[in-house]
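Each value in this text was obtained by applying a stated rule to the coordinates, not by laboratory testing. Source: prediction; values computed, not measured. All Cβ positions, glycine included, derive from the backbone under ideal geometry; neighbour counts span all protein chains shown.
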Amino acid sequence: MKIAQVSPLYESVPPKSYGGTERVVSYLTEELVAQGHDVTLFASGDSKTKARLISPCKRSLRTDPSCTDPIAHHVLMLEQIAKLDGEFDIVHYHVDYLHYHWSRRQRRPHVTTLHGRLDLPHLVPLYREFREVPVVSISNAQRRPLPWINWRGTVYHGLSDDLHTFRAHPDDYLAFVGRISPEKGLDHAIEIAGRTGMNLKIAAKVDRADREYFERSIEPLLCQPHVEYLGEANQDEKNLLMGGAVALLVPINWPEPFGLVMIEAMACGAPVIAYKRGSVPELIEEGVTGFIVRDMEEAIQAVEKAFTFDRARCRRRFLERFSASRMTRDYLNIYAEITGAVVEDANITERYSAWTRLSA
């Protein structure tokens, strides 16, 4: 198939450090190329890929101090896609709803993976208007606020089999990896580690929007002797950190749509101890790949269980459920369904094309 993958421009593909969506786009793109598909990746110019790369900007927008309007670059990218529209069998978007007004008027098959939270009130009128747009969820929990839109499947993220190193025997610390923000629960992770007498190693970034929260609520906690803040980590650093951890703490207090760090830990054989929110019950198998807990007290008890955890079984289960090849196979099935249904769905496109002609 001739497939276009459309990534957000905030991080490179793959990201140099933190970046969930762009990392998944990279794994999917490279696996599609490896399977013989003709793939074009629309992403920032500092991306690395075996696919054809088309870029509206030279570098990832988060690392570009001169970027004051990221939407402008995304609009330019959509125009680049429009100019090449006839080249693709399907266009796979990962940029939320930015393209909806344009893609609904085109005959080219397309699908959008929604990577973010959907429980926000302002999304309801938007999706009422664009309810025919074909979309994919990254967990079943993500769908709950908008069960009536055009879901074409749920595809769990996948990682390359050789990306992470299995560690049968961890070191003596707990880990927290990701982003420092109120919903991620780092303050809980610090307290859990302290109350269990464990050291906590933190590899996390602070977005501009969360800087005030970090300085007010988290930075004062980092001076405690059991806490080590490492800053933002790249892939190799995360691999070493999670592989050496007794467990990864994920004490989230929001409806996490997926949580890539959880399967990254599983790939290393490290159990995940996570609060029962969002996708957690779908991803973690109790006692097999981690422990699902309701609160801090249960998390503390789970840390004790982590010392006798079967890390080899955890790694095997990761390979069965969360490989890049499985993710790619799932997406190819959805691509086939959508491209096979294009004639059936053409009446929707024609209706909007007619509306456009009348409006002109």
**Complete:** Per the list (1) out of contact with any strand residue (DSSP E or B) (no Cβ under 9 Å at 6 or more places or on another chain); (2) on the phi > 0 side of the Ramachandran plot, residue check on Gly153 breaks on (1)
**Request:** Please state which of the following conditions Lys50 fails to meet, knowing it meets all the rest: (1) within 24 Å of Asp207 (Cβ to Cβ); (2) assigned to a loop (DSSP other than H, G, I, E, B); (3) without any contact (Cβ under 8 Å) to a residue 40 or more places away in the chain.
**Result:** (1)
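Is there a residue being closer than 28 Å to Gly86 by Cβ and touching a residue at least 24 places away in the same chain (Cβ under 8 Å) anywhere in the range 155-173? Before the answer, list the steps.
Of all residues in the range 155-173, those closer than 28 Å to Gly86 by Cβ come to 155.
Cutting the leftovers down to touching a residue at least 24 places away in the same chain (Cβ under 8 Å) gives us 155.
The answer is yes, given that some residue of the range 155-173 is closer than 28 Å to Gly86 by Cβ and touching a residue at least 24 places away in the same chain (Cβ under 8 Å).
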**Count - residues of the range 1-35 that are farther than 17 Å from Val91 by Cα and out of contact with any helix residue (DSSP H, G or I) (no Cβ under 7 Å at 6 or more places or on another chain)** = 5
**Message:** Conditions first: (1) surrounded by fewer than 17 Cβ atoms within 10 Å (Cβ to Cβ); (2) under 22 Å from the mean Cα position of the chain (by Cα); (3) closer than 16 Å to Ala175 by Cβ. Glu320 passes all but one, so which condition is the exception?
**Reply:** (3)
**Item:** Residue that is nearest to the chain's Cα centre (by Cα), among those in the range 1-47 that are basic (Lys, Arg) and not in a loop (DSSP other than H, G, I, E, B)
**Value:** Arg23
